[in-house]
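Below you'll find the structure, written out as structure tokens, and then a few comments.
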Amino acid sequence: MNLKEFIVKYIKEDDNGKPYISEELEKILNETIKNEKRVKHSLSVGSLSFDIAKSNHLSNPKKYFVAGALHDIAKGLSKEEEISLMNKYYKYYKNMPRYCFHQFLGEYLVKEVLKLDNKSILNAIKCHCTGKKNMNTIDKIVYAADKIDPLRGYDSSYMVEAMKNDYKSGFLLVLEENYKFLEKKNKSDESSINRLSNQCFHFYLNIC
């Protein structure tokens with residue numbers, strides 16, 4: 001189904017115009033993600049993506065809500081399921097670190113389980129964990145919203161405000177902070193910075 005049909009079927013709106021998911025979609029996410037905390041994170045990312053899009057006066061902010069809300073739909077897959085699906089549908093990326101498999105398989109599940117056919121949403125989900133070079137508006141906003149979601153438990157308020165004020169410069173700030181985080185983590189885990197993230201950092205921050 002196209003995005004308009006998906007929104008009619010699964011997305012509601014409160015009295016203030018804020019979107020939220022239907023009980024049917026909530027049930028699907030609970031069944032696929034299989035973790036209440038992760039579902040709350042996904043919906044929080046959807047809400048933040050919507051707020052950022054609206055603050056930046058972007059058209060159709062509900063599209064950003066949908067992409068954010070669905071970004072972690074593949075988090076409930078088992079290791080065996082991940083490897084099987086990566087070998088079948090994403091062979092080019094199967095040697096990437098396993099922690100980022102869910103972004104590729106998220107694209108797959110949104111198409112196969114929810115039957116949503118919207119290229120920009122699917123692409124945003126497909127790069128939300130690692131980033132990539134040549135990211136478009138929705139890619140940048142969902143990537144950033146995932147990294148700075150208030151439910152992650154650290155003070156990201158300055159980055160949230162930066163994204164709401166100007167998502168372009170805000171994205172660069174989030175990217176810089178994420179690079180610092182991954183560099184620190186990489187000292188104990190050499191797989192923390194992968195080739196897609198490296199390409200993203202080089203493209204936007206001129207970091208090799």
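Looking at (1) over 12 Å from I125 (Cα atoms); (2) out of contact with any Gly (no Cβ under 9 Å at 6 or more places or on another chain); (3) among the small types (G, A, S); (4) in a helix (DSSP H, G or I), which one does S59 not meet, given that it meets all the others?
Result: S59 fails condition (4) only.
Residues that are over 10 Å from the mean Cα position of the chain (by Cα) and surrounded by 18 or more Cβ atoms within 10 Å (Cβ to Cβ): find the helices (runs of 4 or more DSSP H) completely inside region 83-158 holding 3 or more of those.
101-112
Can you pull out every residue in region 44-55 that is buried (at least 20 other Cβ atoms within 10 Å of the Cβ) and in contact with a Leu (Cβ under 8 Å, 6 or more places away or on another chain)?
Across region 44-55, the qualifying residue is only G46.
In this structure, does D117 turn out to be over 22 Å from F203 (Cα atoms) and either in contact (Cβ under 8 Å) with a residue 40 or more places away in the chain or not polar (S, T, N, Q) (or both)?
Spelling it out, D117 is indeed over 22 Å from F203 (Cα atoms) and either in contact (Cβ under 8 Å) with a residue 40 or more places away in the chain or not polar (S, T, N, Q) (or both).
So for region 24-43 (the condition being touching a His at 6+ places or on another chain (Cβ under 8 Å), among the hydrophobic types (A, V, I, L, M, F, W, C), assigned to a helix (DSSP H, G or I) and touching a residue at least 24 places away in the same chain (Cβ under 8 Å)), does at least one residue qualify?
no
Could we say that S59 is under 25 Å from S169 (Cβ atoms) and loosely packed, with under 13 Cβ neighbours inside 10 Å here?
The answer is yes for S59.
Against the definition (over 19 Å from T137 (Cα atoms) and either in contact (Cβ under 8 Å) with a residue 24 or more places away in the chain or part of a helix (DSSP H, G or I) (or both)), how does K75 come out, yes or no?
For K75, the condition - over 19 Å from T137 (Cα atoms) and either in contact (Cβ under 8 Å) with a residue 24 or more places away in the chain or part of a helix (DSSP H, G or I) (or both) - is met.
Spot the failing condition for K132; the list is (1) of a type in the set (K, R); (2) within 18 Å of L43 (Cα to Cα); (3) in contact (Cβ under 8 Å) with a residue 60 or more places away in the chain, and only one is missed.
(2)
State whether one or more residues within region 184-199 are within 25 Å of Y90 (Cα to Cα), touching a residue at least 60 places away in the same chain (Cβ under 8 Å) and in contact with a Gly (Cβ under 6 Å, 6 or more places away or on another chain).
There is at least one residue in region 184-199 that is within 25 Å of Y90 (Cα to Cα), touching a residue at least 60 places away in the same chain (Cβ under 8 Å) and in contact with a Gly (Cβ under 6 Å, 6 or more places away or on another chain).
Suppose we keep only residues that are loosely packed, with under 13 Cβ neighbours inside 10 Å and not polar (S, T, N, Q) within region 6-26. Which one would you say is farthest from K115 (Cα to Cα)?
D15
Would region 94-106 turn up any residue that is over 16 Å from Y167 (Cβ atoms), in contact with a helix residue (DSSP H, G or I) (Cβ under 7 Å, 6 or more places away or on another chain) and of a type in the set (F, W, Y)?
Yes, region 94-106 contains at least one residue that is over 16 Å from Y167 (Cβ atoms), in contact with a helix residue (DSSP H, G or I) (Cβ under 7 Å, 6 or more places away or on another chain) and of a type in the set (F, W, Y).
Read-outs throughout are calculated quantities, based only on the coordinates presented, and are distinct from any laboratory measurement. All values reported here derive from a predicted model rather than from experimental measurement. Every residue, glycine among them, receives a Cβ derived from its backbone with ideal geometry; neighbour counts consider all protein chains shown.
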